[in-house]
Amino acid sequence: MGFMDQLKEQFSFSELTGLYQSYKSGELDVDKILNDTFMQKYTDFENVEALMTKLGIQDKDQLMDFMKDRSNRYHADQVVKDHSQFDSLIEMIKKALGK
C-alpha cells in the first residue's frame, strides 16, 4: 500500500489534529497510553522509550510535534508497521486509547 493510499484509508488529519490538541492541553499522556504492558503486548518494543529511540526522538514529549511533519509520520508509520501489528502510529495510539 502506498503512502497516499494509507493516508486515505487509515490516517485522518483531523485525528492527528485532535490528538495533538489533547496532547497540548495535557489530556493525552504518552506514558499512560503507550505503557509498558501495551508496548510488550502489541509491539516488539519493551517500552515507549525503545520506540522513541528507533524514531530518533530524544524525549517522548516530542512525539506529537514530530508527527506534524509528513516525512516523520511516514518514518514513524514504517517503524510501527515493521515492529507491531499496526499499520501506523495513529492506529496504534487509537488502539491504546480504546478507540
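What is the residue count in the range 34-61 for residues that are touching a strand residue (DSSP E or B) at 6+ places or on another chain (Cβ under 9 Å) and aromatic (Phe, Trp, Tyr)?
Residues flagged as touching a strand residue (DSSP E or B) at 6+ places or on another chain (Cβ under 9 Å) and aromatic (Phe, Trp, Tyr) within the range 34-61 amount to 2.
So residue 92 ticks every box in (1) modelled with pLDDT of 90 or more; (2) farther than 19 Å from residue 29 by Cβ but one. Which box is left unticked?
Failing condition for residue 92: (2).
Matching residues to (1) buried (at least 19 other Cβ atoms within 10 Å of the Cβ); (2) modelled with pLDDT of 85 or more; (3) in contact with a His (Cβ under 8 Å, 6 or more places away or on another chain):
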| position | (1), (2), (3) |
| --- | --- |
| 33 | no, no, no |
| 39 | yes, yes, no |
| 43 | yes, yes, yes |
| 50 | no, yes, no |
| 62 | no, no, no |
| 70 | no, yes, no |
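The values are calculated or read from the model by the stated rules, or taken from the named source; none is laboratory data. Not measured: the values here are computed from a predicted model. Cβ atoms come from the backbone with ideal geometry, glycine included; neighbour counts cover every protein chain shown.
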